[in-house]
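Structure record follows, encoded as structure tokens.
The values are calculated or read from the model by the stated rules, or taken from the named source; none is laboratory data. Predicted, not measured: the structure shown is a model, and the values here were computed from it. Reconstructed Cβ throughout: ideal geometry from the backbone, glycine too, with neighbour counts over all protein chains shown. Areas reflect the complete protein model, heavy atoms only, side chains present, ligands, DNA and RNA absent. Shrake-Rupley method; radii C 1.70, N 1.55, O 1.52, S 1.80 Å.
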Amino acid sequence: EYMGMGFVKVPWKDCVAKPNEWAINKIFALEGDDDLHSRFTTFGEIYVQVKFLRDTDPEEKNLGPLLFDVKQPTSKAPAPNPSQPPKEEAKAPEPAPPPPVQTPVPAPAPEPAPAQPPPKVEEEKKQEAPAKPPEAPPEPKNHEGKLKINIVKANNLIVGDFRSSDAYAILYFDGKEVKRTKIITDLNPKWNESALFDVNVPKDKPQKLLVEILDHDSISSNDFLGDCEIDLSACFQSPNTWKVNQDFPLQDISKRIKKKVTGTVTLQAAFIPKGGDVNLPAP
């Protein structure tokens, strides 16, 4: 059986903005929950290195540069010695019993007269207190449910190979890949594919979908054709409806190529709360 010794929250999303770099390379102080705090006073430290690799980046097999050594954990206080039993408290001597007391026998009392029944008193009607209305459940702090995305098509893409492009799209939400379309050799590909995935994100966090369009190359690395970020706030504010349904201009958000990006991508999106019907009417 394993016992937790502490945890640390690493801001790994900072690495997405700096791909192929050791964006996190430091020592973190371990934290503990209430149960760990009841058993330990310190939790030590942990050295963490994190790098974000895109699909087009080579696989990383080596560690990043070590900046400093990890500190040795502090020694634990000695446990109590079970061989020394606790001392028993001395018992106070029990007091001597008091001498018996002789009580005089009372004379027989005269028989009492029969009791008269009390007069009937009309009972007052008890007024029942009005029942309290049930308290409304607290509003959830997260959007929990499913996102449904339709990646329809792209138009007027830049040329990746000679006269055309082997175009495909990748969708990212909350830093994770959620959909990859098939490859279509066309500057105006029509995918008409859908993605349905679970979400549980804070309401106060920006809700954006990242779309990347790439040109597949079986010999060299895939070429970048454009990307865009799509705000999904309207989907969460008005669930069970296709609040996103339009063409979005492609950009070069991360400045990955020198030539000008052109074209658009057509996308539809809707949020279905937890337990809702995912079979929405066609947009």
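Quick notes on this structure:
- FRET efficiency for the Glu144 to Thr262 pair, using the beta carbon distance and R₀ = 30 Å, is estimated at 0.20.
- Coarse-grained scattering of the range 216-273 at q = 0.17 Å⁻¹, given as base-10 log I(q)/I(0) from a Debye sum over alpha-carbon atoms: -0.69
- Take the Cα of Trp242, step 7 Å toward its Cβ, do the same at Phe7, and the gap between the two points is 4.0 nm.
- Built amide H within the under 5 Å cut-off of Ser164, gap 5+: none
- Label point 7 Å beyond Cα of Glu21 along Cβ direction - residues of the range 209-253 with amide nitrogen under 18 Å: 253
- Nitroxide proxy distance, nm - points 7 Å out along Cα→Cβ at Asp174 and Glu111: 8.9
- Here the range 188-283 exposes an accessible surface that is 48 percent carbon and sulfur, computed with a 1.4 Å probe and the other protein chains kept in place.
- Sorting 17-30, 145-158 by their mean Cβ neighbour count within 10 Å, with the most densely packed peptide first, gives 145-158, 17-30.
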